[in-house]
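Visitor: Below is one structure. I have some questions about it.
The values are calculated or read from the model by the stated rules, or taken from the named source; none is laboratory data. Keep in mind that this is a model prediction, so the values were computed, not measured. Backbone-built Cβ (ideal geometry, glycine too); neighbour counts: all protein chains shown. With ligands, DNA and RNA removed, areas are computed over all heavy atoms of the protein, side chains included. Shrake-Rupley method; radii C 1.70, N 1.55, O 1.52, S 1.80 Å.
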Amino acid sequence: MTGFASVSRELDGDRASVTVKSVNHRFLDAVVKTPSAVAAIEGPLRALVSERLTRGRVEVSVAFETVAPPPRDAVLDVALLERVSQALDSARSRGLVKGDLTASDVLRIPGALDIRPKGFGAAGPAESLTRLLLACAGDALDALVAMRATEGRFLAADIDARLTTIGGMVDRLEEAARDGQAHLQTKLRDRLASLPPDLAGDQAALAQEVVRFVARSDVDEELVRMRGHLEHWRELAATPEPCGRKLDFLAQEMHREINTIGSKIEGAGATAVVIAAKAELERVREQVQNVE
């Protein structure tokens, strides 16, 4: 689930930059950092993250700057100038002022000339900047997903190799369990045969007790479930849907099965295999934390 991507674009005098980082997390946790001037974009950015990702702590950082002055319009208030001109004509007829109204006079009249961004009141530069930032964020998230997919292929190869190793250990445990049960049964029968006649008792009843005692070390059910978990794992991993949390649960289930096998199985050789299987499963659980 780890990844990094950064995308920058420039359009109509605005330069936008979006950086996306992700690390492991049990669920999806999106953190969006935007300048206050474009704080309204936080909601759409979170929606973009949710569309592309389902797990991990994702940090989105947004920055922008204006690299060229925006086009502007000069708007003259004609109605105001007409009223000013009429007032000056009246004052001139009374001999209060002399001369005509000049351009420098117009510039000094408050509100007579308004310099405003071109297209003010229509789409406006703010909407254009929003579209630019969302486009950058979309490209950055796509790059992040591609990076995570590359990491995922390496993880899949490593985990599959470990599962193959665990599958081989399950086969060895099955063989060790049969040998251990046979050895235990032989040992118990030999000890019972060595008892004095006055302590031997009912031979049929003793034989049944031996079978019951040996059955306590039977791990066939656990081995069958282990193989089922391994097969289910490969089926989940082969689907395009996110499966990280399901695989994490399966890893826990397999760990429980191995613990049960270790507590029931007979034979010193089986103990070494159980310990090795636990170690492999622990590595698998660590790797699954990186899987979406």
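Visitor: Could you please tell me which pairs satisfy a Cβ distance under 8 Å, a separation of 6+ or placement on different chains, a first residue in region 277-288 that is farther than 18 Å from Glu174 by Cα, and a second residue that is assigned to a helix (DSSP H, G or I) and basic (Lys, Arg)?
Guide: Final answer for the pair search is Arg283/Arg162; Val284/Arg162; Gln287/Arg162.
Visitor: Just for region 31-52: of the residues that are out of contact with any Leu (no Cβ under 6 Å at 6 or more places or on another chain) and within 19 Å of Cys243 (Cα to Cα), which one is surrounded by the fewest Cβ atoms within 10 Å (Cβ to Cβ)?
Guide: Looking at residues that are out of contact with any Leu (no Cβ under 6 Å at 6 or more places or on another chain) and within 19 Å of Cys243 (Cα to Cα), I get Glu51.
Visitor: Something else: Looking for whichever is of a type in the set (Val, Ile, Thr) and without any contact (Cβ under 8 Å) to a residue 24 or more places away in the chain here; the options are Val62, Val78, Val58. Which one fits? Full working, then the answer.
Guide: Values: Val62 fails: without any contact (Cβ under 8 Å) to a residue 24 or more places away in the chain; Val58 fails: without any contact (Cβ under 8 Å) to a residue 24 or more places away in the chain.
Only one candidate qualifies: Val78.
Visitor: Taking Glu82, is it surrounded by fewer than 12 Cβ atoms within 10 Å (Cβ to Cβ) and over 30 Å from Gly111 (Cβ atoms)? Lay out the reasoning, then the answer.
Guide: Working: surrounded by fewer than 12 Cβ atoms within 10 Å (Cβ to Cβ): yes; over 30 Å from Gly111 (Cβ atoms): no.
When the stated conditions are applied, Glu82 does not pass them.
Visitor: Taking region 166-185 only, how many residues are over 14 Å from Val219 (Cα atoms), modelled with pLDDT of 90 or more and surrounded by fewer than 17 Cβ atoms within 10 Å (Cβ to Cβ)?
Guide: Residues flagged as over 14 Å from Val219 (Cα atoms), modelled with pLDDT of 90 or more and surrounded by fewer than 17 Cβ atoms within 10 Å (Cβ to Cβ) within region 166-185 amount to 2.
Visitor: Is there a residue being outside any helix (DSSP H, G or I), farther than 15 Å from Val170 by Cα and open to solvent by 80 Å² or more (accessible area, probe 1.4 Å) anywhere in region 238-255? Walk me through how you get there before you give the answer.
Guide: Applying the first criterion (outside any helix (DSSP H, G or I)) to region 238-255 yields 239-243.
Still in the list and also farther than 15 Å from Val170 by Cα: 239-243.
Add one more test, that the residue is open to solvent by 80 Å² or more (accessible area, probe 1.4 Å), and what stays is 240-241.
Yes: one or more hits.
Visitor: Could you identify the single residue in Leu163, Leu101 that is surrounded by 11 or more Cβ atoms within 10 Å (Cβ to Cβ) and at pLDDT below 85? It would help to see each step written out before you state the result.
Guide: On the way: Leu163 fails: at pLDDT below 85.
Just a single option satisfies the conditions, and that option is Leu101.
Visitor: What are the residues in region 275-292 that are buried (at least 21 other Cβ atoms within 10 Å of the Cβ) and of a type in the set (Val, Ile, Thr), if any?
Guide: Hits for region 275-292 are Val284, Val288, Val291.
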